[in-house]
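The values are calculated or read from the model by the stated rules, or taken from the named source; none is laboratory data. Keep in mind that this is a model prediction, so the values were computed, not measured. As a convention, Cβ positions derive from the backbone with ideal geometry for all residues, glycine included, and neighbour counts pool all protein chains shown.
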């Protein structure tokens, strides 16, 4: 015989499904209202909404012991505050308060039940007497407003949240690590401290991003390199935290791949202008992808299919591309690098690999040419030294097979090697001598 609890759950789910069409329609009306209201605001990004799913309703009944609180499924659904969930998404943490104030200014008329409504839509009622932001069970604050929508004489409950980008990302982590985790009691303090650390880092990202945004919107202002560095560092840490946990869950032990995280984030930002709005757009894009990757299962033992039909005319690109195809499923660092890059980047694997190799070729060629500055060198000799140095870099990749090849440090080393070799040979000025010195310095790295 089935427990009363599970009979109650089944009846509640049946009742939810029997009203699903009306709930979806009401959800759409609420979504459209807030989208239309805030669509012209610069700080507004999007509205997301959903009707509570069966699995979520079942979990909530069990977790909060709602079976003991309500006499019937009808009573439960009539009192479920988040039967419909609506979330207003904005850029920065400070924008959450801004949007909340705009809502309170819009919903100023109070009805007999103590709820507030607006002349723009007299079917939407909000409880604005509760102090905001409210304190969650995890100790952090959130803008969360209970609401009701009146449709054909029936009231439908909904919960309205206001969340910035960083709080969206952190909320996903918190929900999956703590809220969904029933086996962490032995390490509760440790997890709480880690979650607090992640929250602090995300809040730092928010502050830095807002500084960057303000700079970009003020003519003649240069974006601070320190701001951009902090943003890259914070994203690298977020990426590292996500894959650190995934690797640990998959293999049972931690793996240090901070270099991989740093290299990927730096590469993604190297491709865009540092003092352009593209920088902030790339930050937002990566942050959204990190949020997606955190919830995605990734089979770290599965081989990567390297495109077999990639053909390159350039010898540098062809050499490194061929060697990558040989080691991508042997060298764990490169395997993980491309696995993450394919998830973060947009486009096919062929496009992503091609873009990376072309970028590498251009960057190394650029730092070599910069090393020629302040020296009187013919274009023919520049070309010869550049070609020789690029060949050495491609050859060294064969035995180093390290993602350090993409790092700023490797680029700086190449620049210094070429420049110092020219300085040492400047008196005799012999191209073969310069090439010999360059090779010696590469061999000594």
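Based on this model, can you work out whether residue 381 counts as surrounded by 13 or more Cβ atoms within 10 Å (Cβ to Cβ) and farther than 16 Å from residue 417 by Cα? Yes, satisfied. When 319, 348 are checked against the criterion of being touching a helix residue (DSSP H, G or I) at 6+ places or on another chain (Cβ under 6 Å) and over 21 Å from residue 261 (Cβ atoms), 319 stands alone in meeting it. When restricted to residues that are free of Cβ contacts under 8 Å to residues at least 60 places away in the same chain and either part of a helix (DSSP H, G or I) or within 26 Å of residue 61 (Cα to Cα) (or both), region 98-120 contains 5.
Looking at region 258-275, is at least one residue modelled with pLDDT of 75 or more, in a helix (DSSP H, G or I) and touching a strand residue (DSSP E or B) at 6+ places or on another chain (Cβ under 9 Å)? No, every residue in region 258-275 fails to be modelled with pLDDT of 75 or more, in a helix (DSSP H, G or I) and touching a strand residue (DSSP E or B) at 6+ places or on another chain (Cβ under 9 Å). Taking the criterion of being more than 30 Å from residue 98 (Cβ to Cβ) and in a helix (DSSP H, G or I), the residues of region 26-55 that qualify are 54, 55. The condition of being under 22 Å from residue 160 (Cα atoms), in contact (Cβ under 8 Å) with a residue 40 or more places away in the chain, crowded, with 18+ Cβ neighbours inside 10 Å and touching a helix residue (DSSP H, G or I) at 6+ places or on another chain (Cβ under 7 Å) holds for only one of 9, 30, 88, that being 88. Being more than 25 Å from the chain's Cα centre (by Cα), under 18 Å from residue 160 (Cα atoms) and either part of a helix (DSSP H, G or I) or assigned by TED's automatic domain parsing to the domain that holds residue 148 (or both) is a property that does not hold for residue 95. For region 330-352, filtered to residues that are free of Cβ contacts under 8 Å to residues at least 60 places away in the same chain and over 25 Å from residue 294 (Cβ atoms), the residue that is surrounded by the fewest Cβ atoms within 10 Å (Cβ to Cβ) is 330. Cβ-Cβ distances below 7 Å connect no pair with a first residue in region 397-409 that is outside the structural domain of residue 334 (by TED's automatic domain parsing), a second residue that is at pLDDT 65 or above, and a separation of six or more residues or different chains. Scanning region 302-332 for residues that are over 30 Å from residue 246 (Cβ atoms) and assigned to a helix (DSSP H, G or I) returns 315, 316, 317, 318, 319.
The set of residues from region 246-265 being surrounded by 12 or more Cβ atoms within 10 Å (Cβ to Cβ) and within 17 Å of residue 296 (Cβ to Cβ) comprises 246, 247, 248, 250, 261, 264. When the test is whether a residue is surrounded by 13 or more Cβ atoms within 10 Å (Cβ to Cβ) and more than 25 Å from residue 133 (Cβ to Cβ), residue 74 does not pass it. When we screen 408, 427 for residues that are farther than 28 Å from residue 262 by Cβ and at pLDDT below 85, the only hit is 427.
Applying the criterion of being without any contact (Cβ under 8 Å) to a residue 12 or more places away in the chain and within 17 Å of residue 98 (Cα to Cα) to the residues of region 121-138, the residue that is surrounded by the fewest Cβ atoms within 10 Å (Cβ to Cβ) is 131.
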